[in-house]
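Here is the structure we will look at.
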């Protein structure tokens, strides 16, 4: 177990270095001048641009710039934006909001998705099963931004059930955006749980449990569900990273001051330090979630051991 | 390797039954043929299944309509796509303009018909692109094993860790388009962005599938007979390991069409002069409260297309996966 975790963490270091380098070189490629339009109507004075480029080392080659960034990062220094704001400060402001949004979305996914999947899976071909199949297909096929816009207009503006925008990022304001963000994955979780439950219900151990005379509730809730959760947990773990990234659209629609908006703006403004910082944290969260999921397997299925 | 190979095993479990499918098909006859009846391969069996499946027939018909629409938009509408009449701006649907008019006074029906081309092109080309890259990388990693596998797998991890939307925005920002850029180039840029970020899924599935097939007896037999690695891959490994990829790719196709619309919605994917559903939805989003019809029709067509590909993928998987029989 310990050795396994250490090995995974070492692999993770490689992936983080690879990903940050990839993002760094993409940002390096971004066309345009980061100092265009920074000085009002006039173009920036040449001396200023020169001084700034020297300060941020923009004239160095890609490997040199990346090496410097990485060594700063190892000391916990995310660098600063061209306007002199510390990137760590921007991240500290934006990440909690997005984390709240993504966590809320995951909770919705788990609560609704898994229960719908279980109910559909135990009666394959029944009315509820067909209802779940059809409604998840509909949700999967409608793009998230259309769901978001329509939810905002109907639930937010017309009926006033939820706040139409979430400018402060409070928990209550985030409920509707979280539902919208969760919608697609919710549908996948429900279908995955359904398929997995339906397959496991045919297992010998389920027949044994029924033959032993265990109550149905226990057979399904404990024996079948626990064994069926592995693919679902895998999906949810990988989904956390996707949700953080996919928040770009949801945050845009609902005006949430989170990571998505920050990234989008930063790419447009060529604020390389912010983009790379955001992605680095994102990738770290994603990889740690995946490690956590892999360790969860052993809890769910005792046959899986890490030695 | 004593551990349950981490993320890769996880992923093959995660993509539902498709990746976990046992290697069957071509080389092994499926089931015992009745006397006098020609033995059918799994593929023949699957095809027979599909022909009788109403979901498959409906989705195939829908896709056929969309493809014809993309290829010959002139068959569906006589109006020129570039004709706008500002005095008709945001007029609701009427007998004259069936779907109404958008902000610029374009006929939404005509624009929606013509919008199919860009969306289908992006979907099909991105799927072919990810399949090509993914199959080559997956076969290489799975068949070669050892350090080649390690390098490809870590590279896959690197790309897999970047959310597709975020990465695509970065790629498209690196190669911006403007009004002067030819339509096809704009479309190819979006395709490139989606392929660069999207090849990892196919690679992982292909790799685990190849690893399973590699241990099969018929591969050992071919090797013992002295077949070259290339021959083993082309004749034995590929035909028996590609099924999960075909299933996932069909489902992905719908996803790519959705991703294109999302990128266009963010104002960074396809751009005018290209006519696409995503752009139309983006234009409509600001007038949703007053003219909902502008949003309704393009998103309806988009959803139907995505739905058709997902249903097709589901039907193909059900037909190919003997476990669900």
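Each reported figure results from applying straightforward, stated rules to the coordinates on display, with no laboratory input. Fair warning: this is a prediction, and the values are worked out from it, not measured in the lab. Glycine gets a Cβ as well: all are built from the backbone with ideal geometry, and neighbour counts include every protein chain shown.
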Worksheet, complete the sentence: Here FRET efficiency (C-beta to C-beta, residue A:124 to residue A:170, R₀ 45 Å, nearest 0.05) is 0.60
Fill in: Gain upon complete extension [residue B:128, residue B:179; 0.36 nm per residue less C-alpha separation]
15.6 nm
Discussion item. Starting from the 7 Å offset along Cα-to-Cβ, what nm value, one decimal, do you get for the label separation of residue A:52 and residue B:136?
Written reply: 4.1 nm
Response to the item:
Note: the protein assembly as shown, point scatterers on Cα, Debye, no solvent; log10 I/I(0) at q = 0.10 Å⁻¹ equals -1.00
Discussion item. Using only the alpha-carbon atoms, how far is helix A:272-300 inclined from the longest principal axis of chain A? Give it as 0 to 90 degrees, nearest 10.
Written reply: 20 degrees
Fill in: Segments B:46-55, B:170-179, A:98-107, B:254-263 sorted - mean Cβ within 10 Å per residue, highest first
B:254-263, A:98-107, B:170-179, B:46-55
Response to the item:
Compactness check, the stretch B:139-198: C-alpha Rg relative to the 2.2 N^0.38 Å globular estimate gives 1.47
Fill in: Hull shadow area, averaged, the stretch A:229-307 [alpha-carbon convex hull, nm²]
6.5 nm²
Worksheet, complete the sentence: Per residue convex hull volume, Cα only, the stretch B:185-325, in Å³ is 130 Å³
Item to complete: Let me know the mean shielding of A:150-157 by other chains, meaning the per-residue number of their Cβ atoms within 10 Å of its Cβ.
Response: 2
Practice prompt. Beta carbons within 10 angstrom, averaged per residue: use that to sort the peptides B:232-240, A:243-251, highest first.
Written response: A:243-251, B:232-240
Worksheet item: Any idea what angle helix A:87-108 forms with the longest principal axis of chain A, computed on alpha-carbon atoms, 0 to 90 degrees, nearest 10?
Response: 20 degrees
Worksheet item: Calculated FRET efficiency, residue A:83 and residue A:255, Cβ-Cβ r, R0 25 Å, to nearest 0.05?
Response: 0.70
Practice prompt. Please report the orientation-averaged projected area of the stretch A:123-209, defined via the convex hull of its C-alpha atoms, in nm².
Written response: 7.7 nm²
Discussion item. If you take each beta carbon of peptide A:133-145 and count the beta carbons of other chains within 10 angstrom, what is the mean?
Written reply: 5
Discussion item. I need the calculated FRET efficiency for the pair residue B:83 and residue A:42, taking r as the beta carbon distance and R₀ as 35 Å, to the nearest 0.05.
Written reply: 0.25
Worksheet item: Where does the Debye-calculated log10 I(q)/I(0) of chain A sit at q = 0.09, 0.10, 0.11, 0.14 Å⁻¹, using only Cα point scatterers of equal weight, no solvent?
Response: -0.60, -0.71, -0.83, -1.13
Discussion item. Just to be sure I understand the model, the point goes 7 Å from the Cα along the line to the Cβ. What's the resulting residue A:222 to residue A:62 distance in nm?
Written reply: 5.8 nm
Worksheet item: For the stretch B:160-230, what number results from the quotient of the Cα radius of gyration and 2.2 N^0.38 Å?
Response: 1.78
Worksheet item: Mind checking the angle between helix A:127-141 and chain A's longest principal axis? C-alpha axes, 0 to 90 degrees, to the nearest 10.
Response: 10 degrees
Discussion item. How shielded is A:271-282 by partner chains, expressed as the average number of their Cβ atoms within 10 Å of its Cβ atoms?
Written reply: 1
Worksheet item: Roughly what percent of Cα-Cα pairs across the stretch B:102-255 reach past 25 Å?
Response: 43 percent
